[in-house]
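First comes the structure, then the notes that go with it.
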Amino acid sequence: CLVGSEMCIRDRLRAAEESPAGSIIILEQQTGGIGGHYVPADFSQSLWDAIQTVINSGIHVIAAAGNGNVNLDKSSYTAYRNRGDNGSIRVGAGYPSDRSKLSFSTYGSPIHIQGWGTQVHTTTTFSRYTSSFNGTSSATPVATQALALIQECLNKEGRSISPRDMRQLLIDTGIP
């Protein structure tokens, strides 16, 4: 999906509705917020609603916070915060060394956890190695790995956890 491509994201979420409970959807998209600065894709009301539908079917949605350095606690984002809880896990980007927020990462109370947003080493398509994968687009899969490992352990025990409970578990057991 292209950055902010709502139609593409909605199509993915519609397809996800047919997935079994416990599945994990990762949204590495961001969209333009107030002033065009990047914020989570669910700033769009239609995407927020679609994510809530997927979450209510028991599917975990973990989403990038966006690289706009936006404080979502500002009064200009009151309507976004007042929508309530769609159940997603929003991920900001931080430094691996001291876990402080990276300068570009969107932040505030709607952001639940953070992952490494720099110094992430990965292979790309075509098996090329890169050490330049960064931003909330690298932080989100790092956090998703933790979610997937917890989910796998629970599955092996014949247990499951709701998306909202998973989010709370990640918040409660993460390192501040």
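Values as computed for the structure displayed
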item: Any hit, the stretch 73-91, residues being without any contact (Cβ under 8 Å) to a residue 40 or more places away in the chain, open to solvent by 70 Å² or more (accessible area, probe 1.4 Å) and closer than 22 Å to T144 by Cα; result: no
item: Residues of the stretch 55-72 classified as in contact with a helix residue (DSSP H, G or I) (Cβ under 6 Å, 6 or more places away or on another chain) and surrounded by fewer than 24 Cβ atoms within 10 Å (Cβ to Cβ), total; result: 2
item: Evaluation of Q45 against (1) over 26 Å from T173 (Cβ atoms); (2) at pLDDT 95 or above; (3) of a type in the set (S, T, N, Q) (one fails), failing number; result: (2)
item: From I26, I55, residue being assigned to a helix (DSSP H, G or I) and of a type in the set (V, I, T); result: I55
item: Strands (runs of 3 or more DSSP E) enclosed by the stretch 100-176 - at least 3 residues per element that are of a type in the set (V, I, T) and either open to solvent by less than 60 Å² (accessible area, probe 1.4 Å) or modelled with pLDDT under 95 (or both); result: 120-123
item: Filtered residue count, the stretch 29-50, keeping only those that are under 12 Å from the mean Cα position of the chain (by Cα) and not in a strand (DSSP E or B); result: 3
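The values are calculated or read from the model by the stated rules, or taken from the named source; none is laboratory data. Just so it is clear, the structure is predicted and the values come from calculations on it, not from any experiment. Every residue, glycine among them, receives a Cβ derived from its backbone with ideal geometry; neighbour counts consider all protein chains shown. Accessible surface is based on the protein model in full, side chains and every heavy atom, while ligands, DNA and RNA are left aside. Shrake-Rupley method; radii C 1.70, N 1.55, O 1.52, S 1.80 Å.
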